[in-house]
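Taking it in order: structure first as structure tokens, then the write-up.
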Amino acid sequence: MTIVSNNLKRIKPSPTIAVTTKAREMRAAGKDVIGLGAGEPDFDTPNNIKKAAIDAIEKGDTKYTAVDGTPALKKAIIEKFKRENNLDYTLDQITVGTGGKQVIYNTFMATLNKGDEVIIPAPFWVSYPDMVLLAGGKPKIIKCEEHDGFKLTPEKLKKAISKKTKWIILNSPSNPTGAGYTKEEIEKLGKVLLKNKNVFILSDDIYEHINYDNFNFFTIAQISKLKERTLTMNGVSKSYAMTGWRIGYAAGPKDIISAIRKIQSQSTSNPSSVSQAAAVEALSGEQDFIKERAEAFRKRRDFVVNSLNSINGISCLRPSGAFYVFPSCKGLLNKRTKIKNDTEFVKKLLEQSMVAVVQGSAFGLEGYFRISYATSMENLEKAMVRIKEFCESLTN
């Protein structure tokens with residue numbers, strides 16, 4: 001007999017957290033490991049945001065708040081959606097959670113019945129399928145190929161929808177590929193969804209502000225007839241370098257927001273009052289630093305992509321957003337190298353060259369690996385040298 005719930009048999013530990021933990025343990029043991037596994041900006045939280053948190057503490061704003069967010073933060077979120085996305089919401093259409101992950105988890109717990117299908121384009125963020133499984137739903141993984149820019153096509157979407165489909169997840173720019181859907185691409189997907197009126201859309205916009213090369217961000221709720229079926233999730237963790245503050249939010253239909261509130265009331269209750277005060281300043285205060293940091297990420301992206309494409313056996317698309325690249329290592333998976341799959345590739349890369357990355361199969365697409373370039377250029381330069389030397393050693 002075991003005390004552990006059978007529900008845990010449905011899921012696996014987060015591969016990205018596992019890689020980060022392994023790298024941290026190796027560093028603690030004195031090994032010079034370069035970690036390229038974590039999806040966390042290396043920049044500090046801006047001072048005005050930190051000051052807002054300090055002011056909140058000194059004013060005594062350290063008590064319980066409304067379960068799903070303070071009125072002040074909800075108003076700041078409403079203003080953000082209007083200012084940046086031309087979307088109008090009311091207070092009862094906004095929810096605030098302890099990070100974007102909780103908002104998504106609450107959504108599935110609040111809306112999925114046993115057997116409900118959730119369409120998840122692959123490569124996907126590792127937590128999507130497991131959260132669906134925990135909620136009793138069924139992930140329906142749709143592989144998006146490299147020749148399509150790792151993006152879902154209208155044809156594949158149309159084919160994937162069934163009578164059991166309840167949600168589709170769209171993540172743009174994407175984790176793990178950095179792929180961003182253009183307005184035209186989203187409108188084409190929207191035409192398919194307009195014909196399937198029972199399908200709801202969860203738009204994960206967490207990397208909205210981290211984009212390059214004049215990419216024009218467009219979110220699917222901006223298609224007016226789909227807004228009433230779309231839950232748009234965002235947060236302050238990536239754009240504002242506030243991963244540890246744990247504030248995510250979403251806007252959508254009142255009945256879904258109410259259901260999410262009910263779940264949250266019986267789990268965590270409200271997010272940190274101090275973090276909420278900081279998030280108000282993040283969304284309402286100075287925004288210029290976002291573009292400056294995005295430019296720093298772009299330089300890193302270009303360096304990493306160019307470096308990877310100079311390695312025999314490796315090829316890498318140039319993504320339009322986020323701070324990840326998703327190179328192919330298929331050219332090195334053969335009898336000559338004695339490496340069978342991407343899991344073996346990243347394991348040997350870590351053991352032999354002390355560079356921690358995440359295998360593509362963890363994101364639903366075999367033969368690739370994910371690099372996070374949210375670290376210093378110095379680390380990236382050393383890592384690219386090590387990766388090149390490792391790859392050359394496999395074929396020499």
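The values are calculated or read from the model by the stated rules, or taken from the named source; none is laboratory data. What you see is a predicted model; the values in this text were computed from it and never measured. FYI the Cβ positions are ideal-geometry reconstructions off the backbone, even for glycines, and counts take in every protein chain you see.
Just to verify a result, which residue in segment 259-282, among those that are in contact with a strand residue (DSSP E or B) (Cβ under 9 Å, 6 or more places away or on another chain) and assigned to a helix (DSSP H, G or I), is surrounded by the most Cβ atoms within 10 Å (Cβ to Cβ)? That would be Ala279. For segment 22-50, the set of residues classified as buried (at least 16 other Cβ atoms within 10 Å of the Cβ) and part of a helix (DSSP H, G or I) consists of Lys22, Ala23, Met26, Ile49, listed by residue number. Considering segment 362-379, and only residues there that are part of a helix (DSSP H, G or I) and touching a strand residue (DSSP E or B) at 6+ places or on another chain (Cβ under 9 Å), the residue that is surrounded by the fewest Cβ atoms within 10 Å (Cβ to Cβ) turns out to be Asn379.
Residues in segment 228-253 that are surrounded by fewer than 19 Cβ atoms within 10 Å (Cβ to Cβ) and closer than 16 Å to Tyr89 by Cβ: Glu228, Pro253.
Looking only at residues in segment 283-309 that are in contact with a helix residue (DSSP H, G or I) (Cβ under 7 Å, 6 or more places away or on another chain) and either in a helix (DSSP H, G or I) or modelled with pLDDT under 95 (or both), which one is nearest to Tyr212 (Cα to Cα)? For segment 283-309, the residue satisfying everything is Arg300.
Just to be sure before I move on: is Tyr89 in the same structural domain as Met233 (by TED's automatic domain parsing), in contact (Cβ under 8 Å) with a residue 40 or more places away in the chain, among the hydroxyl-bearing types (Ser, Thr, Tyr) and over 17 Å from Pro176 (Cα atoms) in the structure I sent? Considered against the rule, which asks whether it is in the same structural domain as Met233 (by TED's automatic domain parsing), in contact (Cβ under 8 Å) with a residue 40 or more places away in the chain, among the hydroxyl-bearing types (Ser, Thr, Tyr) and over 17 Å from Pro176 (Cα atoms), Tyr89 comes out as yes. Just one residue in the set Lys159, Lys164 is in contact with a strand residue (DSSP E or B) (Cβ under 9 Å, 6 or more places away or on another chain), free of Cβ contacts under 8 Å to residues at least 24 places away in the same chain and among the basic types (Lys, Arg); that residue is Lys159. When we screen Thr98, Thr90, Thr45 for residues that are among the β-branched types (Val, Ile, Thr) and in contact with a Ser or Thr (Cβ under 6 Å, 6 or more places away or on another chain), the only hit is Thr98.
Scanning segment 1-15 for residues that are in a helix (DSSP H, G or I) and of a type in the set (Lys, Arg) gives Lys9, Arg10. In segment 55-81, of all residues being surrounded by fewer than 14 Cβ atoms within 10 Å (Cβ to Cβ) and without any contact (Cβ under 8 Å) to a residue 60 or more places away in the chain, the one that is nearest to the chain's Cα centre (by Cα) corresponds to Pro71. If the condition is being farther than 29 Å from Gly321 by Cα, free of Cβ contacts under 8 Å to residues at least 60 places away in the same chain and within 27 Å of the chain's Cα centre (by Cα), then segment 24-50 contributes Glu25, Arg27.
Tell me, yes or no, whether segment 95-118 has at least one residue that is in a strand (DSSP E or B), touching a Cys at 6+ places or on another chain (Cβ under 7 Å), within 22 Å of Lys163 (Cβ to Cβ) and not aromatic (Phe, Trp, Tyr). There is no residue in segment 95-118 that is in a strand (DSSP E or B), touching a Cys at 6+ places or on another chain (Cβ under 7 Å), within 22 Å of Lys163 (Cβ to Cβ) and not aromatic (Phe, Trp, Tyr).
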